[in-house]
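One structure is given here, and the rest of the page talks about it.
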Amino acid sequence: MEKIRVFLGYGVLIVLLPVAVFGLSFPTNEYRAMGIEAIDCDGPITVLIIALPALTVYGVASAVFLSSFRSRRSLFFGLFCGPICLGLGWNIGTAVLEQSRNGQETVCGDGI
């Protein structure tokens, strides 16, 4: 039973790795990523939809692996998940900062 649980845990990390990589590479302002100085009125939801589930899973995995590592494999996976969490958190933070900067502009209306 323990081996099945461990196998499923590693399986979830492997399955969510492409989502995490996509969340790391997703731009916080799509226009600035293209080189245009414009405001992205979509807000941080486009980043949060991708990055938040991956941040949650990799954050929990990193905490579990690093809190009670007994083998080199646990230490390796804990140190592997940690930087992914930091990168996802950074991307989410910059998306929220971009939204607060967009809130100061009057271009993004209430959908009128």
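FYI, it's all coordinate maths here, none of it is from the lab. These numbers were taken from a predicted model, which means no experiment stands behind them. Backbone-built Cβ (ideal geometry, glycine too); neighbour counts: all protein chains shown.
Data overview
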| read-out | value |
| --- | --- |
| Pairs of alpha carbons in the chain whose separation is greater than 22 Å (percent) | 43 |
| Structure-based [θ]222 nm, the chain - -39500 (n - 2.57) summed over DSSP H runs of at least 4, per residue, nearest 500 | -25500 deg cm²/dmol |
| Two-site label geometry, residue 60 and residue 42: point separation in nm, points 7 Å out along Cα→Cβ | 2.7 |
| Hydrodynamic radius (Kirkwood) for the stretch 43-96, which is based on Cα pairs only, to one decimal in Å | 11.5 |
